[in-house]
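The block underneath contains the structure these notes are about, expressed in C-alpha cells.
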Amino acid sequence: VNQPDIEAVFVDALQNIAEGVTELLGFEVAAISIARDDHTLEMVAVAGSPAARDQLLGRRTPIADIERELVTAEEWGDLRFVPHERMSIEVDDLGWVSDLEPTDDPDAWHPLDLLLAPIHDEHHRFRGLLSVDLPHDGRRPDAAQREQLQRYARQTRRSVLTAVERAELAERVRLADAARKIVREVSSELSIGRIVELCQPAITTGFSAVGMWLQTFDATGGGADAVYGATEGDILVPDEFKVLGREAAHLLWSRQEVAVITLASVPDIAGLVLDEDQVRRLHDFMAETLEASSMLFVPIGAGPECLGSVALTRRGPGTDWNALEGRTALELGHDLGRALVNARTFERERQLLDELRELAGYKSRLIATIAHELKNPLTSLLGHLDLVELEPDLTSSVTESTQAMGRAVDRMRSIVDDLLLLSQVADPNAALDPVPVDLTAVVDEVLDLLGVTADQKSLTIVLDVPATPVSAWGETHELFQVCANLISNAMRYTPGGGTITIALAPIADGVEIVVADTGIGISATDQQRLFDEFFRSTNPAALSTPGTGLGLSIVHRIVERHHGRIAVESELGSGTTFTVTLPAAP
Amino acid sequence: VSSADGSLRFLVVDDNEDIRDVLVRMVERLGHTASVAADGVEAVEILAEHRFDFMLLDLTMPRMTGDEVVRWLRAHPDRGEGLRVVVVSAWVGEQRGHLQELGVHAVLPKPFRAQQLRDLIGGTLPVPPSADGAARQVRKR
C-alpha cells in the first residue's frame, strides 16, 4: 500500500524548506506532506516547536478531507486559506492546534485557520501539501508575506514532485528487476505457455502495465506465430499486427532497442515504414480494443536470433515509458529469450521422445501381429504332422522326416513365443503393475522346470540363497522369465559336468540375482551386442546350440522396465556371470 | 446327441480353411463327425438348425467373432444345451478369464498337438452347465 520511501536527501531538502518557512517567514509551524498510495497525505517534514513536530511527523490525513477544505478556501495565488469559520475538518483530526487565544480581530490569526499550498503534478494528481500555522505576529499574512510564502510553495512543489518521481522510478526499476528475476527463475519451466503464465503478474506489476502480450515467432519461419497471455480477457491480435510486430521485433532486436507507441504518436519503429492507414488502425486498436494510452514494444531474442516480442500497455495520463524502463525491458527480452530457447529445446526433445516411443510401440505391435500370423500355418503344420504320425506302417525314413519336421516346428514355436513375449515387454505403452515377488520361490520353480536338463547334462546346481525370502518389486511371470532365460542359457552353454551357481542376495539399493556358469564364455566383442534382438554369438560352440537370439533381449527389456540393472562378466572358455539388480520389495 | 457308436458331433468354426481342414481330419481320425463354418454368422446359422456335442471356435473372424458367437449362445440357451465350447485361438493370452465367464469350457491355444485335442475330448473337460443354469445366468443380467 505504501509508496516507496523517498530518498533521504529529499527528506532533508523538504525539511530545509520547512525550516526556511518557520525561520525566515515567521511561522511557528511549517509541514510538508506527500501523497501516498492509500490516498492519504503523510507529513514527511515538520519545522517548528518540538511538540508540533512530535505530533505531526508521520501523521496521515485523507486527501479527500483536504480537498473538501480546499473547495471553500480563499485563493491566494498558489496558496489556499481556509478561515477557521469555514473549516469543516474535525479539530481532533488536525493533529496539532496551537494554544493561541482566539480574538475577535478579523485580521488576527485564529488557531484553527488553515493556510495551505496544495501540490499537483502536470496530470493534476494531488501529490503533496505545504501547510503553515501560527504566524509570529499573530496576524493573517499580508500580501508581502503571501508572496514570499508562494516562493517557498513553488520550491516545495519542485522538490516534492522530483522526490516522488524518483521514488516511483526507483520502485519501478526494483519491480522490473524483480520481474526479470522471476523470468530467470522460471526459465527451467518447460512450456512457453507456462512461463508466460508464471511471469505475467510479476512483469505487469514490475512495469506498471495493465496488459501484456507475448508473441513467439514460428521457429520454422512459417506464419504460425503464437500469442500468449492476453491479460484482459481474450483479445484477438489481428494478423496484420502480428506480421507488423514480427517485422518490428526483428529490426529492434538487431539494433537492441525497444519502441514506445503512444496514442498521440505512432513513431518510426526502428525504421519500419507504416502507411497512414496502418497508423490509423494501430491507433484504433490501441485506443478501442486494448484501451491503452501507451505501449512498450520489446523484442525477445537470444544471441543474434529474434524469437518473439512482448508488448506492455499502460492506461491513463502520465503513462510514458522512460529510458531506464526501456533498458530494463530490453534485458527482460533477453531473459525471456533464454526461457524460450529452453522451452523450445525441451519441446523438441519431448517430440523426439514421443516419436521414439511411438516407433517402439509400432515395432511391438508389428512383432506381435507377425507372431500371431505365424500361429495359423504352424497349427496346420503341426496338426498334419500329428496326422501323418498316426498313420500305420510308416517307413523309418518317413518317421525320421516327421521327427525332423517336428523339431523344426518346435523351434518355430519357441521363436514365435519369444517374439510375443518380446513385443509385450518392449511395448512402452504396456504398463507394469508391480507386486512383491518372492524370488526364492521363482528360482525354485525355474529349477523344477529345468531340473531334467541339468540331470541329463550332469550339471551341478549350486543354490546360494539366504534363509529369509528375497523379494523384488515386479511382475511375477516376467521375473520368472528373467530367471528361466538366464538359468536355461547357463545350462545350454555349459558343457556336461559343469557347475551353475544361482545366488540371491539383498544389497544396498535392491536385490541381486546372480547366475554364474563354468561354460564356454562370451568374448568381449560379443558382450557389446549381447542384448540386441536376434544377436547370436560368433562363437561356433555357441552357434551349434539352438537358440532364438531373443532370450537375453527379453531379459534386458524386462529388467529395464523394472527399473533394474543387468551386468555381464565373462571370459571365453572359463564361464559367464550375469548379475541382475532389481528394486527390493518389503 | 451323440450317436449309438459313441462318436461325437463337432462344429469346427474358423475362417482359415487350412485350420478347418486339419481340425476336421483330426476329429474324424479320432472317430467323430464334424461340420464346418467359416465365420460366426455361418456358425449361428448352423447352430440354429443342428445340435452338437462340441464346438471348436476361433476368436478372430470376419463378420462375426467367436466372442459374439458365445454371446449369441447365451442369448439362445436352448441352442447351447449339452454343447461344450472350446476356443481354439492364437490370441487367448489375457482373455482366458473373460472367456470362462462367458461360458467357454476350455481353451486350446494355437498351435496345438493332436494329443491335446484328444485329452480335451476324452473327458478331462468339465461337464457343461445345464441349459437351466445358462438360462438363469441370462436372467441375472
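The values are calculated or read from the model by the stated rules, or taken from the named source; none is laboratory data. Predicted model only: the values in this text are computed from it and were never measured. Positions of Cβ are backbone-derived with ideal geometry, glycine not excepted, and every protein chain shown enters the neighbour counts. The protein model used for the area step is the full one, side chains on, heavy atoms only, and it has no ligands, DNA or RNA in it. Shrake-Rupley method; radii C 1.70, N 1.55, O 1.52, S 1.80 Å.
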Margin query: How shielded is B:8-17 by partner chains, expressed as the average number of their Cβ atoms within 10 Å of its Cβ atoms?
Written below: 1
Check: Which length gain, in nm to one decimal place, applies between A:ARG166 and A:LEU263 when the Cα-Cα distance is subtracted from 0.36 nm times their residue separation?
Finding: 32.4 nm
Checklist line | trypsin sites (Lys or Arg not before Pro) lying in DSSP loop within region B:2-108, provided at most 16 other Cβ fall within 10 Å | finding: B:ARG51, B:ARG63
Check: Averaged per residue, what accessible surface does the protein assembly as shown expose to a 1.4 Å probe, in Å²?
Finding: 49
Item checked: Long-range tail of P(r) for region A:250-336 (Cα pairs > 20 Å, %) -> 35
Notebook entry, point to check: Per Stokes-Einstein, at 4 °C and 1.567 mPa s, what whole-number D in µm² s⁻¹ belongs to region A:230-384, with the Kirkwood radius over Cα pairs as the hydrodynamic radius?
Noted result: 67
Margin query: Quick check: residue separation of A:ARG357 and A:THR205 times 0.36 nm, minus the Cα distance between them. What number comes out in nm?
Written below: 50.5 nm
Next item on the list: Tell me which residues come under 5 Å, amide H to amide H, from B:MET55 once H is placed; ignore anything under 5 positions away on its chain.
Entry: B:LEU11, B:ARG84, B:VAL85, B:VAL86
Next item on the list: Determine, from the Cβ-Cβ distance of A:ASP532 and A:ASP509 and an R0 of 25 Å, the FRET efficiency 1/(1 + (r/R0)^6), rounded to the nearest 0.05.
Entry: 0.40
Item checked: Given 15 as the ceiling on other Cβ atoms within 10 Å, longest exposed-site-free region of chain A for chymotrypsin sites (Phe, Trp or Tyr not before Pro) in DSSP loops -> A:1-533
Next item on the list: Using a/c under 1.5 as the rounded threshold, could you call region A:1-58 rounded, prolate or oblate? The axes a ≥ b ≥ c are square roots of the C-alpha gyration tensor eigenvalues, and prolate needs a/b larger than b/c, oblate otherwise.
Entry: prolate
Next item on the list: Mind pulling the angle between the C-alpha long axis of helix A:439-456 and the longest principal axis of chain A? Nearest 10 degrees, somewhere in 0 to 90.
Entry: 20
Next item on the list: Return the lysines within reach of B:LYS110: Cα separation strictly under 30 angstrom, same-chain partners fewer than 8 residues apart disregarded; answer none if there are no such residues.
Entry: A:LYS363, A:LYS375
Check: Which is farthest toward the positive dipole end of chain A among A:LEU479, A:LEU381, A:PRO83, measuring Cα position about the Cα centre, with Cβ charges +1 (Lys, Arg) and -1 (Asp, Glu)?
Finding: A:LEU381
Check: Nearest 10 degrees, 0 to 90: what angle lies between the long axis of helix A:8-24 and the longest principal axis of chain A (Cα atoms)?
Finding: 10
Next item on the list: Only residues of region A:377-410 count here: report those whose backbone N is under 11 Å from the spot 7 Å along Cα→Cβ of B:ASP18, or say none.
Entry: A:377-384
Check: Any idea how far apart A:LEU274 and B:ILE46 come out in nm if each label point goes 7 Å out from Cα toward Cβ?
Finding: 8.2
Checklist line | Cβ-Cβ FRET estimate between A:ASP218 and A:ASP433, R0 fixed at 45 Å, reported to 0.05 | finding: 0.60
Next item on the list: Could you work out how far helix A:192-206 tilts from the main Cα principal axis of chain A, as a 0 to 90 degree angle to the nearest 10?
Entry: 20
Check: Looking only at Cα atoms, what is the convex hull volume of region A:133-201 per residue, in Å³?
Finding: 113
Check: Carbon-plus-sulfur fraction of the accessible area of the protein assembly as shown, 1.4 Å probe, in percent?
Finding: 52
Next item on the list: Please report, to one decimal in angstroms, the Kirkwood hydrodynamic radius of region A:451-579 built from all distinct Cα-Cα pairs.
Entry: 15.1
Next item on the list: Principal axes first, then extents: for the Cα atoms of the protein assembly as shown, list largest minus smallest coordinate on each axis, whole Å, largest first.
Entry: 149, 68, 58
Notebook entry, point to check: How many square angstrom of accessible surface are buried between A and B, both sides summed, with a 1.4 Å probe and rounding to 100?
Noted result: 1700
Notebook entry, point to check: Under unit Cβ charges (Lys, Arg +1; Asp, Glu -1), what dipole magnitude, rounded to 20 debye, does region B:24-115 have relative to its Cα centre?
Noted result: 340
Next item on the list: Could you state, as a whole-number percent, how many of the C-alpha pairs of region A:114-172 are farther apart than 18 Å?
Entry: 43
Next item on the list: Give a residue-ordered list of calculated ³J(HN,Hα) values for region A:139-154 (Karplus: 6.51 cos²θ - 1.76 cosθ + 1.60, θ = phi - 60°; whole Hz; x for Gly, Pro).
Entry: 10, 5, x, 8, 4, 5, 5, 4, 4, 5, 4, 4, 4, 5, 4, 5
Notebook entry, point to check: For the pair A:ARG565 and A:ARG344, what calculated FRET efficiency results from E = 1/(1 + (r/R0)^6), where r is the Cβ-Cβ distance and R0 = 41 Å, to the nearest 0.05?
Noted result: 0.75
